[in-house]
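Report on the following structure.
The values are calculated or read from the model by the stated rules, or taken from the named source; none is laboratory data. What you are looking at is a predicted structure, and each value in this text was computed from that prediction instead of being measured. For neighbour counting, all protein chains shown are included, and Cβ atoms are generated from backbone atoms with ideal geometry for every residue, glycine included. For the accessible areas, the whole protein counts, side chains as well, though only heavy atoms, and no ligand, DNA or RNA atoms are used. Shrake-Rupley method; radii C 1.70, N 1.55, O 1.52, S 1.80 Å.
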Amino acid sequence: MSVTADITATYRGPARVMQRLLAMGQREDRALAILMGACALVFIAQMPRLAREAHLSGQELNMLLGGALLGWLIIAPLLLYVLAAFSHVLARLIGGKGEWYGARLALFWSLLASTPVLLLQGLVAGFIGPGPGLNLVGMIWIAVFFWFWIASLRQAERSGQ
């Protein structure tokens, strides 16, 4: 299936999509591509908010975008690898049988699959600004991300991959 079809399918059943991704075999290049795609989309989601912030505060937009680009495409992937390792160790402590790759794929895919809500949150932050609407969309994104991550990690740790 295409990535967009898999993202849509994840909203219907994250464990089934994770099972299908794990059945494709362990390919670290696929996991890294998913992670970098997710980080790029998170960076894009930040652009409207940063443009608003630059306009209202008089800061230079390029500096704000450069900092966000550095953070999301260089630093965040490294931290997400550490977070995936930590989640795998935690899952092993409570009886998980999966591999390191499955934990990485579960986290990276969950981030990528939840980016449509994050893109909406970026638009709300840029066009409406701080307020209850932004808080609501942010809470929805957090709930969706954790739903995907927990369901995907459970599937990865259950399947032994």
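Observations
- Just one of the listed residues (LEU22, LEU64) is free of Cβ contacts under 8 Å to residues at least 60 places away in the same chain, on the phi < 0 side of the Ramachandran plot and surrounded by 14 or more Cβ atoms within 10 Å (Cβ to Cβ), and it is LEU64.
- Count of the range 134-161 residues which are at pLDDT below 95 and more than 18 Å from the chain's Cα centre (by Cα): 5
- Residue list for the range 7-19, filter: open to solvent by 30 Å² or more (accessible area, probe 1.4 Å) and either of a type outside the set (Ser, Thr, Tyr) or under 14 Å from LEU118 (Cβ atoms) (or both): TYR11, ARG12, ALA15, ARG16, GLN19
- Test: residue in the range 107-119 that is farther than 26 Å from GLY25 by Cα, open to solvent by less than 40 Å² (accessible area, probe 1.4 Å) and of a type in the set (Gly, Ala, Ser): no
- Filter result (hydrophobic (A, V, I, L, M, F, W, C) and open to solvent by 70 Å² or more (accessible area, probe 1.4 Å)) within the range 25-59: LEU32, ILE44, MET47, LEU56
- Lone qualifier among LEU65, LEU69, LEU83, LEU56 - being modelled with pLDDT under 95 and either over 13 Å from the mean Cα position of the chain (by Cα) or closer than 18 Å to TRP141 by Cβ (or both): LEU56
- The C-beta contact set for the range 34-57 (first residue without any contact (Cβ under 8 Å) to a residue 12 or more places away in the chain, second residue in a helix (DSSP H, G or I) and surrounded by fewer than 19 Cβ atoms within 10 Å (Cβ to Cβ), distance under 7 angstrom, 6+ apart or interchain) comprises GLU53/LEU64; ALA54/LEU61; ALA54/LEU64.
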